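What follows is a short report on a single structure.
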Amino acid sequence: MASSTAADLRSARETNPPASTVFLIRFFEWFGELGFFCSHLLRAVFLPPYEFREFAHQLDELGSKSLPLVALAGAATGVVLSLETHDSLVSFGAKSLLPELLVLSIAKESGPIITGLIVSGRVAAGIGAELGAMKVTEQIDAMEASAVDPYKYLAATRILACVLMLPLLTLAADFCGILFGWVTTTLTEPISLQLFIENGFKQVTFNDFLPPTFKTAVFGLIIGLVASFQGMRAHGGTEGVERAATSAVVISSLFIILADVLLVRLIQVVFP
Amino acid sequence: MTAPMKTKVAAPPIQVKTLRKSFGKQKVLNGIDLEVAEGETLSVLGRSGTGKSVLLKLIIGLQQADSGSIRVHGQEIAGLARQQLNEIRKTMGFLFQNSALYDSLTVEQNVAFPLERAGGLSDAERKKRVRELLATVGMEKDLDKLPGQISGGMQKRVGLARALALSPDILLFDEPTAGLDPITASEIDALILKMQKETNLTSIIVTHDLPSARTVSDRLALMRDGEILIEGSFKDLQASKDEFVVQFLNRDS
């Protein structure tokens, strides 16, 4: 049923060459195929056997190895925020609000979105290229022929690792952002770390901190899902691998930004 | 696993009936009928692009047929859920044209991969089994090498060891000697003959290599335009007056 629908769509595409029609068909075809991918994936996640060893390997590969990059990006964000806001706050006579502003902007938005986009660049490209190369060299077919479910072994482990690691990486980005924000601030106007932290977290509540951090699990889901999907449907040799890697980054980054808009509003409603 | 075993005695291991497969407007298989008896080796010959590899991928369920029937040990594979299909796949081994070894795993890990997922063996037993398999194909000294560090012929050997890992009773070979020099190709032929002697494997070999097919096969089938043009022993093919068959056989004679 599924394959006949896809075949019909392909046949319709061949007989209707206008570019707009082709674009629309490809657009809906992509979402349709993603739907089938997700249904395979759901079964693979819940049915035994479970690939714990590969999951642990992916936690290290996707999570731990992204830590330096995420920490650096978080630190840079803290430095820039401190530099940019310092002069503005001074001109309004609100210099004492700098720690609070820095902590809030990093914890609520800058930390999560920077982490999402940085990990999307590093991890989505990696997964897209790795699975794409495995697909075009028939390694995924070989896995299936050996009665191993590639949705379970390759996709589910990577997606779950992304979902679990993104909030943890966000915490690291937040920590580095706040720390280097303090370093930058104290270089121009010395302030103790203790005082900076006390001022910074004075008004911060549970709602300011935890929901934005955990929303990055959704970013992780987007990165893992899109990258695995694009990789496992790669075709056409080296060029196909390149397409899979590039599209994995572009689509997941775009979806992260769109999801962020929705999630920010949702968090505002659910955690007023 | 139980379903295929029930009918094993009654039905031939592989039965293909009026199998059709198209990609877009291109008809690749146009009503293939095929049966392979237990312990028999059938070579499928034909020009490039006639759907020989597609036939193998349909038999192991890597692609879906448009219509027709494929029975493995009497069990129809079309429409099977992934788990049921995997049980049938455990009775089959597949040697890919380019070996399709996992390039980030060592030779030893490649052969161990299906065994680890199938379970039922302790670490020590699995290690022993992997070494036995690699010794069978003459690769026991290259356990720690990556696929990129060994030759094409060696990759085929490792691919064969991996295909044999789950002790299948059916083996599907996709161009086992393609891209190999004549001496290495003969070694692969010898290996296939050795497998046949030591076990009672039922095999389908897709190949362009006529000398290899003559050496290892009980029966040959020649494909043209998505159909089986002729099948029988090499002598039957030689006796044919069909222009295509004569042309195909004379290329190598």
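Computed from the coordinates by the stated procedures, all read-outs in this text should not be read as laboratory data. Not measured: the values here are computed from a predicted model. Heads up, the Cβs are rebuilt from the backbone with ideal geometry, glycines too, and the neighbour counts pull from every protein chain shown.
Panel values: chain A, Kirkwood radius from alpha carbon pairs, Stokes-Einstein at 25 °C and 0.890 mPa s, translational diffusion coefficient 120 µm²/s. Counts of other chain beta carbons within 10 angstrom of each beta carbon in peptide A:49-55 average 1.
Taking every alpha-carbon pair under 8 Å whose residues sit at least 6 apart, segment B:83-163 reaches a relative contact order of 47 percent. For peptide B:86-95, the mean count of partner chain Cβ atoms within 10 Å of a residue's Cβ comes to 3.
If I take every Cα pair under 8 Å that is 6 or more residues apart in segment B:140-253, average their sequence separation and divide by the length, what percent do I get for the relative contact order?
Computed value for segment B:140-253: 19 percent relative contact order.
Between B:Asp236 and B:Leu105, the contour length at 0.36 nm per residue exceeds the alpha carbon distance by 42.7 nm. Residues whose amide H falls under 5 Å from that of B:Gly93, counting only those 5 or more places apart or on a different chain, are B:Ile170, B:Leu171, B:Leu172, with hydrogens built in the peptide plane. Calculation over all alpha carbon pairs of segment A:49-101 in 10 angstrom steps from 0 returns a P(r) of 21, 27, 19, 16, 12, 5, 0 percent. 3J(HN,Hα) couplings calculated from phi for segment A:207-215 with the Karplus curve 6.51 cos²θ - 1.76 cosθ + 1.60 (θ = phi - 60°) are, in sequence order, 5, 7, 10, 6, x, x, 5, 6, 5 Hz; Gly and Pro show x.
Are any of the pairs B:Lys25/B:Lys241; B:Lys194/B:Lys241; B:Lys128/B:Lys194; B:Lys141/B:Lys194 more than 30 Å apart by Cα-Cα distance, and if so, which? The answer is B:Lys25/B:Lys241; B:Lys194/B:Lys241. By definition, a body whose alpha carbon gyration tensor gives a ≥ b ≥ c is oblate when a/c is 1.5 or more and a/b is not larger than b/c, and chain B fits this oblate description.
What whole-number distance in Å separates the alpha-carbon centres of segment A:201-237 and segment A:31-97? Their Cα centres are 6 Å away from one another. Helix A:125-136 axis versus longest C-alpha principal axis of chain A: approximately 10°, rounded to the nearest ten. The mean count of C-beta atoms from other chains within 10 Å of the C-beta of residues in A:131-137, rounded to a whole number, is 2. Restricting everything to alpha-carbon atoms, can you work out Rg to Rh for the protein assembly as shown with a Kirkwood hydrodynamic radius? We get a ratio of 1.10 for the protein assembly as shown.
Subtracting the Cα-Cα distance of A:Leu258 and A:Ile25 from their residue separation scaled by 0.36 nm leaves 81.7 nm. For segment A:121-203, the average shadow cast by the Cα convex hull is 7.9 nm², which is a quarter of the hull's surface. In this structure, the amide hydrogen of B:Val44, modeled 1.01 Å from its nitrogen in the peptide plane, lies closer than 5 angstrom to those of B:Ile205, B:Val206, B:Thr207, B:Ala221, counting only residues at least 5 positions away or on a different chain. With N as its number of residues, segment A:92-157 has a Cα radius of gyration that, divided by 2.2 N^0.38 Å, comes to 1.97. Taking amide H atoms as placed 1.01 Å from N in the peptide plane, the amide H of B:Ile14 lies under 5 Å from those of B:Val36, B:His73, each 5 or more residues away in sequence or on another chain.
When the protein assembly as shown is described by a simple charge dipole with +1 on each Lys and Arg Cβ and -1 on each Asp and Glu Cβ, the residue from B:Ile77, A:Ile251, B:Val107 located farthest towards its positive end is B:Ile77.
Derived scalar couplings between HN and Hα for segment B:214-229 equal 4, 5, 9, 9, 8, 8, 10, 10, 10, 9, 8, 6, x, 10, 7, 6 Hz in order, rounded to whole Hz, by the Karplus curve 6.51 cos²θ - 1.76 cosθ + 1.60 (θ = phi - 60°), x for Gly and Pro. What is the distance in Å between the Cα centroid of segment B:103-168 and that of segment B:60-91? So the two Cα centres are separated by 25 Å.
Counting other Cβ atoms within 10 Å as a rough exposure proxy, the listed residues A:Ile159, A:Ile118, A:Ile127 run A:Ile118, A:Ile159, A:Ile127 from fewest neighbours to most. When the alpha-carbon atoms of segment A:174-233 are used, the pair Rg, Dmax equals 17.8, 55 angstrom.
Given segment B:175-253, report the % of alpha carbon pairs whose separation exceeds 22 Å. Please list the in-between numbers first.
Details: 831 of 3081 pairs.
For segment B:175-253, the share of Cα pairs beyond 22 Å comes to 27 percent.
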